[in-house]
Each structure stands twice: as C-alpha cells, then as structure tokens.
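Readers should treat all values here as calculations from the given coordinates under stated rules, not as data from a laboratory. The model shown is predicted, which means the values in this text are computed figures rather than measured ones. Reconstructed Cβ throughout: ideal geometry from the backbone, glycine too, with neighbour counts over all protein chains shown.
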Amino acid sequence: MVKGKRKPFEEIKDMVRRHRKVLNVGCGGCVSVCYAGGMKEVNILNEQLRASFKQEDVPFIIDAYTVERQCNQDLLAELDNVAPKYEAMLSMACGAGCQYLAERFPGIPVYPAINTMFIGVDKEIGLFEERCRACGSCVLGLTGGICPVTRCAKSLFNGPCGGTNQTSCEVSKDIPCAWYDIYFRLKEIGQLDNILRVREPMQWKNTTRGVFVQEGYEERFAPKEKGGISKLLDRIH
Amino acid sequence: MDAVSLVEENSIRKMLDQKKNMEFFLSVCVGCGMCADSCFLYVNNNKDPSYMPSYKAVHSLGKMYRKKGRVSRRELEEMKDLIWDKCVLCTRCYCPVGISIPSMISWARSICRSQGVFREYDQTDELSK
Amino acid sequence: MYDFLIGPMLAVTLVIFIGGLAYRIHQFFQLSGEVKIDPAALPKDIRTDVENREKEEYVRINSASDVFLKWKIKLKRTFLGKHPVFSAVTIVFHLILLFLPIVTVGHNVLLDDYFGFRFPTLSESTVDNLTLLFILLFLFFFLRRILSARVRSVSTWRDYLALFATGAPFITGFLAFHQIFSYDIILYLHIICGELMLIAIPFTKLAHMPFFILARFMIRNELSFGTGTRKWLENN
C-alpha cells in the first residue's frame, strides 16, 4: 500500500497558523495501515496543535473527522455537511487523497499533514520498505519478481552496471545489487534466458530504494538506551 | 454465484481448523467493549454497537466457530454486510488483552470468498451508502 | 466436609489450575514463533529521526504546568489517558483480585499449616474494606455488561460465567467474615467457589489472565508493551 509519514510539527503548525477553525481529516485507508493518518494520529496531532496554540494565546479550534478513504468522492460525500463550517482543512491522507479532498471543496484551503513516501510493504510494525515506484511498465515477469526500478540505484532495465561489486551496489556496500539478486532468482526458477531479453530503456530519476521507520516506532529498532518514565510511557498503548 | 447453491461446510471447517490461534483469540475475548472507540467507523456512525471491532469478529468468525462451520448461505450474506461494509481493515483496533481482531476479520472474509460471498465493488450505490 | 475441601479437593484444584495454565502457555508458544528484526533492513537515520522529534516543541517548557501539559498530551495517546475512569476501575479490580487472596490472614494460616511459610498479611479490617470495594467494582462490571449496549452486544453466557466465577469467592468470603447466614455453609461455599474459580481460569474466558501477559508483552504488534519478540504463526 501507499506509505506516508507525518510532516514535522512546526511545518504543519505554520500551514494552519492563519486559520482559527480547522478540520483535520483522517483517512482509514493506506495511511491508517502505516500508522500515519488514521483516527489515532489525527487525535494526537489535534492535541498537539491545541496545546501549542493555547500557549501562544491564539484562539484556535480544531476538530477531527476520519473518512473511509479520501481517494474516492463517494466516501468524501459525508464531509459535505461538516466541512463548510471550517476555515481550512488538514488532510492526513496521501497526496492523492489530499488533492481529491481539495477538489471536492474548492472554496476551502486544504493542507497536507503527511509526506507521501512510496508504495511499499509492511516489513515490521512501524517499519516500511519501498517495493514499487509506479513506473507504469512492469517488468517483474522477466526479472523473477525482483524490481530493478526500485531496487537498482540507477533503475537499470538491462543487467547490472559496471560498478557492481559482487553482491553489493556501487553506491553503498550496504545496498545489495538488484541485478545480482535477479540473476540468482532467475537461476533458481529456471528462467535464466529472461535475463538476455532486451527491454526498451526508460528515463528515471535516480534514487535508491526508500525505507523508513514510522514516527513513534523508532524505539523498537533503535539500540536500547536509558529512558526514564517518559520513555516507559511511550511503550504503553 | 447463485443464491441457492449449497455452502461447503467441510471446506469452511477445514479453513477454521487452519487457524488455531483465532480459536484461542475467541476463547479469551472477554467482551469488554474497549475496542469500540478505536474504530473510526464506530465513532462516525453514532456509536452503533454493530460497528464495534469485537462485534464484527465475534458475529462473523466467532459464529462460524460456534456453529463448527455449519452456516447457511443466508448467514454468510449477513456476515458480508458486517465484515465488508462495516470494516475497512485499517488494522487499528485496540484490544487490551492483545487479540488481533483485524486478522480474524480478514480470515472471515477469506472464508466467505471461498463460498462465493464477497463484496462487489462495482456496485457504486452500495459504496455511497 | 471442611477437611475434604481444603485437603484433597484443594490439591486436585491446584493440579488442574497449574496443569491448565501450563497447557495454555504451551499452546501459546506452539501458535507463535520468534521472528528477529533484520538489522540490515533498517534505515540508517533512526537516531537522528528520534533526536529531531525530541527537538520538536509543540509545548514550550517555561513552567511546571507546561511539563504537566506535555505529559498530559503524551498520556492521552495511551489507553490510560483516553479512558481514565475505566482504566482506574479495571486496574484496581485486577490488582485486588490477584493480591487480596494472598494477603488475607485466614489464607495465610492455612498456608503456614501446610507448607510452614506465609506471606505478609494486611489487617482484617483492611481486607474487609478492600473486599467491599472489590464487590462494588464487580457490580460495576456486572451492570456495565447489562446496561451498556456495546458490551451487551458481544456478551454470551460465557462472559457472565467468567464474571460470576470471579465475584463469587469474594462475595461468599465477605458474607463468611461477617457471619451472615450460616457460617459453616457460607464458608464451604466460599472454598468451593474459590476452587472453582481457579479451575475456571484456564478453561473459560478467564484464560485472558495468562493470555494478556503473553500476547501483549511477547507478540510484536502496534499495541504491544515494548517491542515484542514473537509473531502469530499463520497456517498452523
């Protein structure tokens, strides 16, 4: 599914600063699954914004509403009676959902509270890894189910580059070479002839495979540290 | 799939037996009702108990276990309303005891699908309901 | 009768209780497996992410009330902050349930007789008051089960059975201590109810006693206490 991560608090606060009455719209789809924009996160963000504006003595009202999915106009319809009461809306959905929400309410400014990261898998609780870059011409059938677009730093379509160093990528020793993995996978399933088939080149933005840990879930992966009661509270749900 | 075709009780029972942990889940669910507030559909729908996560699991998969797979097509159709229309599998249910409610609902969906009962997403009037 | 109840009957009860508990724990370990986190798959910037988040100031700390506010917001993420009254009720209820029988004078006299050791005890009047509190909380849970629509909608006879199996020993204990009705009969009932409760733990919904600890501390989940090391095995 689509994976997202909440924007830094200050950035969100600056976006809604000029408004007095804001509706924070959550999404029960992908961003809820990746702990970024479900009802729970909407409530947490609202609490933080309320406290922050209260300290500045700025009157600020923020309410919460979570819809099933923001990427569907039928499901956004339930906001029709709610949204006009507000000066602005925060969208905790992915980029697509945020745009669709803005489209439904042309008169109300809509701000994103989520950075949409990638299409990825749930590797662990709170740990997500990119698996697809939505390039629009899938070659997985020829590469043994390993995506050269996402996994290869150069998104090469036809075999590894000259920089491949045994098993790892020339960008970093920690990144495995996608084409090395493709070779062995094809060998294992007896389709090694696929590697010789030439695919038409495409133009790519060069980035390595994305991976991130959801905010608030870092403790599960970071080396253990001394924490005190405040850290202990993080571990209660 | 026509409505009169029979439910294959044996294959349902086989699927139920495959998930021993879910039988365990259902045997420890104390019905405390604390999962309710973690479901945004429950909050959005005037706190209707049938939107409560444990309600959805207990009255779908739980019912299949209680009846040992001997459920009628009618009952499966009723479950369909519960586990498709009233749940989006956002997987965020809270359970104080540690039961994984989403996995039970998704398994109930799989069992329904195996019997040809499933949500038809092209029926848009159902979506906007 | 009395000798039978606190003699062979108690022994049988304890064997069933411990055996049943062991079976449940064994079942848990069979149904779940340890899954390690692959450190190679982790992003390299976790620590800077944490540092950045710590720096994020949604609350400026100028006074003690600001610290209190920050803690309040943190607490509101958890169950304790979302449902403070229910949390308090359930925590007190379960603490009394677990510890009161251990610190009661009468129970420790028996324990001393059998094994020659005893736990520290509370005075009889404290125990009496705590029992009364427990019975009130028990009534709260009972009324909640009847009156609250959402709890009622998932209640079956097994839930009532579990609730009454828990409440009965305390109610009969309270009656016996105050010598209401026939002391002997109530005392027998008290012992029988207590033993039935122990027997019930592994086999009724009271099985959430071991399950809660195992599932919430050991299974890796969004809501686990800490990180957790195990996952449910699918297809068993």
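Other protein chain C-beta atoms within 10 Å of residue C-beta, averaged over C:43-52: 5. Among A:162-173, B:92-103, the peptide with the highest mean count of other Cβ atoms within 10 Å heads the list, and the full ranking is B:92-103, A:162-173. Placing +1 on each Lys and Arg Cβ and -1 on each Asp and Glu Cβ, with no other charges, gives the protein assembly as shown a dipole about its Cα centre of roughly 620 debye. The shape of the stretch C:162-236 comes out prolate: with a ≥ b ≥ c from the C-alpha gyration tensor, a/c is at least 1.5 and a/b beats b/c.
Computed extension length for C:Val12-C:Val35: 4.5 nm, one decimal, from 0.36 nm per residue of separation with the Cα-Cα distance subtracted.
Each Lys and Arg Cβ is given +1 and each Asp and Glu Cβ -1; about its Cα centre, the stretch B:49-118 then shows a dipole of about 260 debye. Between rounded, prolate and oblate, where does the stretch B:1-99 land on the alpha carbon gyration tensor, with a ≥ b ≥ c its root eigenvalues, rounded for a/c under 1.5, else prolate if a/b exceeds b/c? Oblate. Between the amide H of A:Gly4 and those of A:Met117, distances stay under 5 Å, these residues lying 5 or more places away or on another chain, with hydrogens modeled in the peptide plane. Helix A:39-55 and the longest principal axis of the Cα set of chain A meet at an angle near 50°. Taking amide hydrogens as placed 1.01 Å from N in the peptide plane, the amide H of B:Val7 sits under 5 Å from those of B:Arg73, each at least 5 positions away in sequence or on another chain. Amide H contacts of A:Thr66: A:Gly26, each under 5 Å away and 5 or more positions distant or on a separate chain (H built 1.01 Å from N in the peptide plane; Pro and chain starts excluded). Once the C-beta distance of C:Ser182 and C:Arg152 is scaled by a Förster radius of 30 Å, the resulting FRET efficiency is 0.25 to the nearest 0.05.
Relative contact order for the stretch A:49-106: 31 percent, from Cα pairs under 8 Å spaced at least 6 residues apart, divided by residue count. Would you please state which residues of the stretch C:79-103 a label at C:Ile213 would reach in this model, taking the label point 7 Å out along Cα→Cβ and a backbone N cut-off of under 20 Å? Under 20 Å, as judged by backbone N against the label point of C:Ile213, lie C:90-103 of the stretch C:79-103.
With θ taken as phi - 60° and the Karplus curve 6.51 cos²θ - 1.76 cosθ + 1.60 applied, the whole-hertz 3J(HN,Hα) list for the stretch C:166-175 is 7, x, 4, x, 6, 5, 5, x, 5, 5 Hz, x standing for glycine and proline. Between rounded, prolate and oblate, where does the stretch A:2-118 land on the alpha carbon gyration tensor, with a ≥ b ≥ c its root eigenvalues, rounded for a/c under 1.5, else prolate if a/b exceeds b/c? Oblate. Label zone of C:Ile192 (point 7 Å out along Cα→Cβ, amide N under 16 Å): in the stretch C:13-41 this covers C:13.
Restrict the search to the stretch A:1-81; then list the GluC sites (Glu not before Pro) that DSSP places in a loop and that have at most 15 other Cβ atoms within 10 Å of their Cβ. Of the GluC sites (Glu not before Pro), the ones in loops of the stretch A:1-81 whose Cβ has at most 15 other Cβ atoms within 10 Å are A:Glu56. FRET efficiency for the pair C:Val92 and C:Leu233, taken as 1/(1 + (r/R0)^6) with r the Cβ-Cβ distance and R0 = 41 Å, rounds to 0.70. Each residue, C:Lys72 and A:Ile236, gets one label point 7 Å from its Cα in the Cβ direction; the gap between the two is 1.7 nm. Here is the list for the stretch C:68-170: chymotrypsin sites (Phe, Trp or Tyr not before Pro) lying in DSSP coil, each with at most 15 other C-beta atoms within 10 angstrom of its C-beta, are C:Phe117. Taking 13 Å as the cut-off, the amide N atoms of the stretch A:1-32 that come nearer than this to a point 7 Å along the Cα-to-beta-carbon line of A:Asn72 belong to A:28-30. Other residues lying with their Cβ under 11 Å from the Cβ of C:Thr48 contribute a combined charge of -1, Lys and Arg counting +1, Asp and Glu -1.
Contact order, relative form, for the stretch B:49-118: 40 percent (alpha carbon pairs under 8 Å, 6 or more residues apart, mean separation divided by residue count). Rounded to whole numbers, the Karplus 3J(HN,Hα) couplings from phi for the stretch C:132-145 are 4, 4, 4, 5, 5, 5, 4, 5, 4, 5, 5, 5, 4, 5 Hz, using 6.51 cos²θ - 1.76 cosθ + 1.60 with θ = phi - 60°, and x at Gly and Pro.
Rounded to the nearest 10 degrees, the angle from helix C:46-55 to the longest Cα principal axis of chain C is 90 degrees. Legend: calculated FRET efficiency, A:Asn158 to C:Leu161, from the Cβ-Cβ distance at R0 = 60 Å, rounded to 0.05, equals 0.35. Computed from point charges on the beta carbon alone (+1 for Lys and Arg, -1 for Asp and Glu), the dipole magnitude for the stretch C:67-170 about its Cα centre is near 1120 Debye. Model label points for C:Asn62 and B:Leu6, set 7 angstrom from Cα along the Cα-to-Cβ axis, are 7.8 nm apart. Per-residue shielding of C:146-152, expressed as the average number of other chain Cβ atoms within 10 Å of the residue Cβ, stands at 5. The label-point distance for A:Glu10 and B:Glu78, in a model that sets each label 7 Å from Cα toward Cβ, rounds to 5.8 nm.
Neighbouring Cβ atoms from other chains, within 10 Å of the Cβ of residues in C:73-82, number 5 on average. Neighbour counting of Cβ atoms within 10 Å sorts the residues A:Cys138, A:Cys177, fewest neighbours leading, into A:Cys138, A:Cys177. Which of A:Leu79, A:Leu45, A:Leu196 moves the most in a Gaussian network model of chain A with Cα springs under 10 Å? Comparing A:Leu79, A:Leu45, A:Leu196 in the GNM, the peak value goes to A:Leu196. In percent, rounded to a whole number, the relative contact order of chain A is 18, using alpha-carbon pairs under 8 Å and six or more apart.
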